[in-house]
Amino acid sequence: MTMESLEMFEPVSGLEDLVQILETLFADDRVSVRLEMQVERGESVTELVLAQFNGRLDLCDIVMSELEEEVALEFLFQEMSGPEEAEEPSAVTMPIDPQDTEVDLHEQKVTLESGSFTLTLTRLPKDPA
């Protein structure tokens with residue numbers, strides 16, 4: 001996928017658009033997944049890594065509250081362990097505020113920031129055939 005083809009996704013007008021973009025960008029590709037949270041204590045800020053692994057994106061969906069508000073993005077990955085895929089998929093849920101979400105969209109990497117959470121998906125090189 002080239003930067004020109006990424007332009008067809010702009011502007012991202014909501015979480016539904018974002019879900020479609022992520023599923024299109026990373027379909028059948030191996031990705032590195034990293035979910036971080038910033039914790040502020042006084043003047044110091046600590047970055048905590050909540051999840052980090054390699055996998056294939058199987059599903060991305062919006063989590064709704066009982067009041068039908070968008071509260072999180074849920075990702076389902078087929079985790080990779082060496083050359084073999086793990087049997088159990090890995091799920092990552094990122095709390096999200098639809099009014100305060102930044103998306104940094106690049107050809108090989110997507111970074112989502114919402115509140116104190118950051119999710120980075122980085123495309124990994126294809127397996128040699």
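The values are calculated or read from the model by the stated rules, or taken from the named source; none is laboratory data. Source: prediction; values computed, not measured. Here the Cβ is made from the backbone with ideal geometry for all residues, glycine too, and neighbour counts use every protein chain on show.
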Just checking, does segment 122-129 include any residue being modelled with pLDDT of 95 or more, surrounded by 14 or more Cβ atoms within 10 Å (Cβ to Cβ), within 13 Å of the chain's Cα centre (by Cα) and among the polar types (S, T, N, Q)? yes
Tell me which strands (runs of 3 or more DSSP E) are completely within segment 15-122 and hold 3 or more residues being touching a residue at least 24 places away in the same chain (Cβ under 8 Å) and among the hydrophobic types (A, V, I, L, M, F, W, C), or say none if there are none. 30-41, 44-64, 70-81
Matching residues, segment 31-54, being at pLDDT below 90 and under 24 Å from Gln108 (Cβ atoms): none
Taking the stated definitions as given, is Asp61 farther than 20 Å from Thr101 by Cα and modelled with pLDDT under 95? no
Only residues that are modelled with pLDDT under 90, touching an Asp or Glu at 6+ places or on another chain (Cβ under 9 Å) and either farther than 15 Å from Leu121 by Cβ or exposed (fewer than 10 other Cβ atoms within 10 Å of the Cβ) (or both): list them for segment 71-86, please. Pro83, Glu85, Ala86
Would you pick out the residues in segment 31-64 that are hydroxyl-bearing (Ser, Thr, Tyr) and closer than 12 Å to Phe77 by Cβ? Ser32
